[in-house]
Ligand code: SF4
């Protein structure tokens with residue numbers, strides 16, 4: 001039997017222990033050394049946005065793959081909280097954390113729909129048609145119902161037959177401009193999804 005020094009003995013037992021521990025974890029040291037770690041977000045496009053669900057309006061980072069320059073369709077595959085956003089500082093509640101499923105849900109509505117009076121079926125229409133229709137109906141209703149003065153001559157400039165529900169995920173600036181436009185039209189019934 002060959003002579004083994006104390007130093008050689010410690011080297012052998014140390015290497016054997018490390019090898020058997022790694023093997024217990026499911027891989028051999030040789031495989032572990034050969035493996036190159038694949039980062040999930042490597043080559044992804046990062047886009048900042050706002051969670052649409054509630055009035056907290058947390059900032060999110062959306063990651064998509066698919067280079068449009070190579071005619072590949074972009075697809076979002078991961079969403080996480082934006083650590084630089086002052087509202088949520090990188091955190092998301094369970095609803096926000098599941099946004100990627102909401103985006104890819106087969107029942108998600110991605111275009112305007114129109115249901116004609118007296119019918120039960122909804123039909124898709126273009127954004128241009130939807131906006132033209134909304135603008136036309138607003139004008140018609142305002143022309144018919146705008147109240148400039150009360151019966152005793154007091155100027156009020158009210159439009160009481162139409163209301164507005166604003167989005168909670170708007171920035172302060174968007175909310176300010178929305179408020180100015182709605183009030184300048186004379187609309188008094190104005191609420192926000194932030195309260196829902
Ligand atoms: S992540 Fe949760 S708390 Fe934040 S905006 Fe979305 S639903 Fe609201």
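No value in this document is a laboratory result; all are computed from the given coordinates. Quick caveat: nothing in here was measured; it's all calculated off a predicted structure. When we count neighbours, we look across all protein chains shown, and the Cβ atoms used for this are built from the backbone with ideal geometry, even at glycine.
Structural remarks
- Cα-based shape type of region 87-136, given that a ≥ b ≥ c are square roots of the gyration tensor eigenvalues and the cut on a/c is 1.5: prolate
- For region 68-187, the square roots of the Cα gyration tensor eigenvalues, ordered a ≥ b ≥ c, give a/c of at least 1.5 with a/b no greater than b/c, which places it in the oblate category.
- Modelled FRET efficiency - R0 35 Å, residue 150 with residue 128, Cβ distances, 0.05 increments: 0.35
- The simple Förster model, with R0 at 25 Å and r as the Cβ-Cβ distance, assigns residue 176 and residue 75 a FRET efficiency of 0.10.
- Relative contact order, percent, region 95-196 [alpha-carbon distance under 8 Å, six or more residues apart]: 18 percent
- Cα shape, region 127-172, gyration tensor, a/c 1.5 rule: oblate
- Mean Cβ neighbour count within 10 Å, used as a protection proxy, ranking 54-60, 107-113, 154-160 highest first: 54-60, 154-160, 107-113
- Nitroxide proxy distance, nm - points 7 Å out along Cα→Cβ at residue 103 and residue 157: 4.3 nm
- Available extension along the chain between residue 135 and residue 113 is 6.3 nm, counting 0.36 nm per residue and deducting the alpha carbon span.
- Averaging the sequence gap over all C-alpha pairs within less than 8 Å and six or more residues apart, then dividing by the number of residues, gives region 150-196 a relative contact order of 52 percent.
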